[in-house]
Amino acid sequence: MTPAAKRATSADVANAAGVSRTTVSFVLNDKPGYSIPEETRRRVLDAAVRLDYRPRASARSLAAGRSDIVLLAIPDLPIGAGISRFVEELAGALAEHGLTMVTHLAGARGQLLPDVCAAVDASVVVGFDAFDEDTVQALYRAGADVVLPPRVASSPALQPIGRLQADHLIGRGHRRLGYAMPEHSNLRSMAEDRLDGVVGACLDAGLERPTVLSTSLEIARAAQAVAGWTERSVTGVCAFNDETAIAVLAGMRAHGLAAPGDLAVIGADDIPTARLTAPPLTTVCFDLPEVARQRAEEIMAVLSGRESSAVSTLADLQVVQRSST
């Protein structure tokens, strides 16, 4: 069996280029304030490519004064298409700034978040919601320089999603609205922010508050919610997200009902399967890459010691009209 190749070191690059390890460090880390002859710089870069040299994380951290690792803490919740797309977009946006994202799944029942932070030497820890104070302090003790979002964070940016859902249904003549709340407790905070938008739209239109009923992604539970709405003469339902809306459509079929004639349904996030439902699901979409870019900019600002000027907004928020409404 061919023995495994040994990992190249900065000393190997220095020997191959005929320079000192200090020069290799200056060139590869692009240290400002040092004048390296172009011919020397080219020799170092050529040697690094030839040897397939990759600096260790500890060496990069020493050179930069911090690691390039961003730890994304994903709470114990169903990871649907919407969350998966956000994670992918955020990883790409951070990579454009030279940062590497690592995810921690609370639902995996593995190591505690501060232990993972220390193990991967994360400089930044990002959560979907603000962490409690004990966790924040534990993360700082584990070596994090930045913990986001701050404890004072709120999610006003999510309210326009619910308002747009409700405005769409009201504009189509619906006067009694329902709201499909996810049963999973870790989705409740985001769902309530979107619900606030639905409530605001109803009140502005002179309507009663929406009838809020919880459902899971099980047909039987969704059918119970549908029965509750029909008993209350609800004609249009705003669902927390597309997965919840798809469950509502399944619950309707269990009662022999169809959208939009018996009950109009609108989701949110425009996941790929939304257009494949029966009938195709009307939903709310927004520019997810822009949302990820804003979060990456916020992280870079805080890492650089600057006040974050990022405003949490959902770019290009719009209704995608399909047949369910």
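Worth a mention:
- Span-rule helices in the chain, defined as complete DSSP H runs reaching 27 Å or more along the axis (Cα) with Kyte mean at least 1.6: none
- Taking the helices alone, the chain has a mean residue ellipticity at 222 nm of -13500 deg cm²/dmol, built from -39,500 (n - 2.57) per DSSP H run of at least 4 residues and averaged over all its residues.
- Using C-alpha pairs under 8 Å with a sequence gap of at least 6, the mean separation divided by the residue count of the range 10-55 gives a relative contact order of 43 percent.
- Protection proxy ranking, peptides 92-101, 119-128, average beta carbon neighbours within 10 Å, highest first: 119-128, 92-101
- Correct choice for Cα Rg over 2.2 N^0.38 Å that was computed from the model, options (1) 0.96; (2) 1.28; (3) 1.05: (2)
- The chain, relative contact order [Cα under 8 Å, separation at least 6], %: 13 percent
- Computed extension gain for Ala119 through Val320, at 0.36 nm per residue and net of the alpha carbon distance, reaches 68.0 nm.
- Pairwise FRET efficiency - Leu45 versus Arg253, Cβ, R0 = 56 Å, nearest 0.05: 0.35
- Of all DSSP beta bridges in the chain, antiparallel share, percent nearest 5: 10 percent
- For the range 78-128 and the range 222-291, distance of Cα centres in Å: 30 Å
- Extension gain from Arg7 to Asp145, taking 0.36 nm per residue of separation minus the Cα-Cα distance: 46.7 nm
- Sequence-separation-based contact order of the range 156-286, relative, with Cα cut under 8 Å and 6+ spacing, percent: 26 percent
- Cβ-derived FRET efficiency at R0 25 Å, Glu297 paired with Ser35, nearest 0.05: 0.20
- Calculated FRET value between Arg232 and Ile83, using beta carbons and R₀ = 30 Å, to 0.05: 0.45
- For Thr100, nonlocal amide neighbours, meaning residues 5 or more places apart or on other chains whose placed amide H falls under 5 Å from its own, are Ile69, Val70.
Coordinate-derived values only; no laboratory data. Source: prediction; values computed, not measured. We place every Cβ from the backbone using ideal geometry, glycine too, and count neighbours over all the protein chains shown.
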